[in-house]
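What follows is a single structure, written as structure tokens, with notes after it.
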Amino acid sequence: MWVLVAAAFAVAIGYGLVAPVLPQYARSFDVSVTAASVVVSAFAFFRLVFAPAGGFLVDRLGERWVYMSGLLIVVVSTLATGVAQTYWQLLVFRGLGGLGSTMFTISAMALLTRLSPPGARGRIAGLYATAFLIGNIGGPVLGGLLAGFGMRVPFFVYSFTLLVATGVVAVFLRGGRRPSADDGTEEQEALPVREALRHSGYRAALVSSFVNGWSSFGVRVAIVPLFAAANFDAGAGIAGTALASFAVGTAAVISVAGWLSDRYGRRPLVIGGLLVSGVSTLVLGWCDTVPLLVAASVVAGMGAGVLNPAQQASVADVIGADRAGGKVLATFQMASDSGAILGPVLVGLVVDLFGYTAGFALSGGLLLAAVVPWLVARETHEHLVRGTTGE
């Protein structure tokens, strides 16, 4: 677990470096807001189309090798992105990084699912996510500062942090492969996606994963920096501050939220997180001062921090520790990536036609609508279902 946490931090701080400058870097090729948003969506698109293969590779080759291979693919893609000479080169190079990203994401999720005991899944998910958030807090601010030396510089630094993460996994992570057929360990067959879909909690998780990808990984990364650049002086710095504020809000609550989901169930935390995220996203479109933008970003981050560990733990509950769930996890990840693809493009179109307020209103409304499936879903926490506290 600690190896995964350390690697997650190295990945996240690098991703945070490029997040505030990527949309503006794309705009430097003299393209529209929509075209700049497509660069963000391209990364998620390649994650989406490769997710089924990523799930297959994890189950076939083991988590450790798939994790390292994925990181190295993103290293090459990021270096190429930093030296792109045209918009189309930028689009292709950034998009190809999504192949590696989905490989190490599904690998990490598979390890977390297999190694986490049911009564601690929320806390472990919170710990892993906290490592990402600590990196995301410092990364965007540092990325905004590095942009002063040129918008290509953050991509070179990101490549270095990915190499660090690869080294950590290569040296310290062991046991990253599921038991083989002849090792005497009894293990059920892999959980089919169609069986997981019979569980209302998994179906609700797919919906909330889609809207969370739309808002947190799509609109937040693609539209918030452009909103900051259009409405405030020193746009890159303000964008980095807004993204870091989101991460601060998430980090402030995610560990406690994970513990609460283990104690009281996944549903209450997911519903609460969606409500907070939806309302704060609606408010973002009306922010006309930097303090208000930062405050709204912090609250939106808190909503995501309440939502994510409970949502991830609910999927792990459905799979269980004794079954391979690569395809089920890949489908869950595909829902998030689908939102991250559609969000920037559609919200970018809405912004071009009606303005930023309407774009954020659309995103906030989707987050609030995702509450409905969870209201009718049954609890996934097996100890609570059995009538115990899970402790």
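The values are calculated or read from the model by the stated rules, or taken from the named source; none is laboratory data. Not measured: the values here are computed from a predicted model. Ideal geometry is used to build each Cβ from the backbone, glycine not excepted, and the neighbour counts take in all protein chains shown. Remember, those area values only see protein heavy atoms, side chains included, never the ligands or the DNA or RNA. Shrake-Rupley method; radii C 1.70, N 1.55, O 1.52, S 1.80 Å.
For segment 209-291, which whole-number percentage of the solvent-accessible area (1.4 Å probe, protein heavy atoms only) is attributable to carbon and sulfur atoms?
Using a 1.4 Å probe with all protein chains present, segment 209-291 comes out at 69 percent carbon and sulfur.
From largest accessible area down, sort His199, His381; use a 1.4 Å probe on the protein chains.
In descending accessible area the options line up as His199, His381.
Tabulate in residue order the Karplus-calculated ³J(HN,Hα) for segment 69-76, using 6.51 cos²θ - 1.76 cosθ + 1.60 with θ = phi - 60°, rounded to whole Hz; enter x for Gly and Pro.
Result, rounded to whole Hz: 4, x, 4, 5, 4, 5, 4, 5.
Highest first, please rank the peptides 311-320, 244-253 by the mean number of other Cβ atoms sitting within 10 Å of their residues.
311-320, 244-253
From the protein chains alone at 1.4 Å, what is the descending order of accessible area for Glu379, Glu63, largest first?
Largest accessible area first, the residues go Glu379, Glu63.
Cut-off 20 Å, label point 7 angstrom out along Cα-to-Cβ of Val49: give me the residues of segment 339-365 whose amide nitrogen falls inside.
Residues 339-346 fall inside that zone.
Rounded to the nearest 0.05, what FRET efficiency do Ala369 and Val171 give with R0 = 45 Å and r taken as the Cβ-Cβ distance? Could you check?
Efficiency, rounded to the nearest 0.05: 0.50.
Per DSSP H run of n ≥ 4, the term is -39500 (n - 2.57); total these for the chain, divide by its residue number, and report the mean residue ellipticity at 222 nm rounded to 500 deg cm²/dmol.
It comes out at -26500 deg cm²/dmol, rounded to the nearest 500.
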